[in-house]
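The values are calculated or read from the model by the stated rules, or taken from the named source; none is laboratory data. Being a predicted model, the structure only gives us computed values, none of them experimental. Cβ coordinates were reconstructed from backbone atoms using ideal geometry, including for glycine residues, and neighbour counts include every protein chain displayed.
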Amino acid sequence: MTLGVLTGLTVGLTAAMFLIRDSPGYLWPGLALLAATASCSDLASVPYNAMLRQLSTPETAGRISGFGWAAGYVGSVLLLLLVYVGFMAGAGDVRGLLHLSAHDGLNVRAAMLLAAAWLALLALPLLFVAHRLPDSVGVPRPNTSMLGGYRKLWTDITAEWHRDRNLVYFLVASAIFRDGLAAIFAFGAVLGVNVYGLTQADVLVFGVAGSVVAAVGAVLGGLVDHRLGSKPVIVASLAAILAAALTLMALSGALAFWVCGLLLCLFVGPSQSSARALLLRMAQHGKEGLPSGCTR
């Protein structure tokens, strides 16, 4: 129920981005809408990630998480290609195979409608079968206020500290490295253009290539996770990311960005998928949403 509501809100808010025009007057409404969309998407990921316990066993969680993360990258690549070919390709006043006008950002705004439809279509199978999954929560949740919710959160975290301090330690560590991984994607394009000399077209191609490489890495990382466990995959991936980033800092030029950037992408997928699997393995049965929610 919660997943369906939050997914529906994300779809609706994404579609509403069509209303944001290419004008300075729409900056703040656009930022507010973008923040609301991101918030709903992050909140929806909490019950979504918690469902991994219902779909896997502790032995298969890493492999299933890796394949699921890779599927997300593949979907992103396909959508990116559709947007580029249908809405963005070409130059002048008319863009893409759909021959949409670039005036007032119409082609970009229309792409938001495609993104919303894409999310809705691919979310439907999960929403249709989610109610058939075995319920991992055995006790009802009483209604409470926002302040009461924070008190309950503190009580739960304190209980986890006494039950298994490793979970709390990992939540703190993951808060740091997850933000670092997010920064790689957030600022990668900016650094590529302004520092390493990539063109806007190169950035788009790199985004496609990077997502494909990340998907491959997530699958391979999931298979290694299945054999060796999540912690070795996370540690090795973060070490490789750090080495590639330090190497990139010492180099210059587009070729260095391509080589080191793709190496970064190769290890981003495994670190994210194995972190999700490890959280689920460490979580108390029936409280899978607690560690997932604390990482958002």
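Can we say Gly4 is in contact (Cβ under 8 Å) with a residue 60 or more places away in the chain, crowded, with 16+ Cβ neighbours inside 10 Å and assigned to a helix (DSSP H, G or I)? Against the criterion (in contact (Cβ under 8 Å) with a residue 60 or more places away in the chain, crowded, with 16+ Cβ neighbours inside 10 Å and assigned to a helix (DSSP H, G or I)), Gly4 qualifies. The residues listed here are Arg109, Arg132; of these, the one that is of a type outside the set (Ser, Thr, Tyr), at pLDDT below 80, out of contact with any strand residue (DSSP E or B) (no Cβ under 8 Å at 6 or more places or on another chain) and on the phi < 0 side of the Ramachandran plot is Arg132.
Those helices (runs of 4 or more DSSP H) of region 184-294 in which 1 or more residues are at pLDDT 85 or above and within 20 Å of the chain's Cα centre (by Cα) occupy 200-228, 230-250, 254-282.
The set of residues from region 99-116 being exposed (fewer than 14 other Cβ atoms within 10 Å of the Cβ) and either in contact (Cβ under 8 Å) with a residue 24 or more places away in the chain or hydrophobic (A, V, I, L, M, F, W, C) (or both) comprises just one member, Asp104.
Can you name the residue in region 154-205 that is of a type in the set (Ser, Thr, Tyr) and surrounded by 13 or more Cβ atoms within 10 Å (Cβ to Cβ) and, of all such residues, is farthest from Ala256 (Cα to Cα)? Per the criteria, the residue is Ser174. Looking across region 20-62, the residues that are surrounded by fewer than 17 Cβ atoms within 10 Å (Cβ to Cβ), under 18 Å from Trp118 (Cα atoms) and without any contact (Cβ under 8 Å) to a residue 60 or more places away in the chain come down to Leu34, Ala38.
Within region 236-262, the residues that satisfy the criterion of being under 17 Å from Asp202 (Cβ atoms) and hydrophobic (A, V, I, L, M, F, W, C) are Leu248, Leu251, Ala254, Leu255, Ala256, Phe257, Trp258, Val259, Cys260, Leu262.
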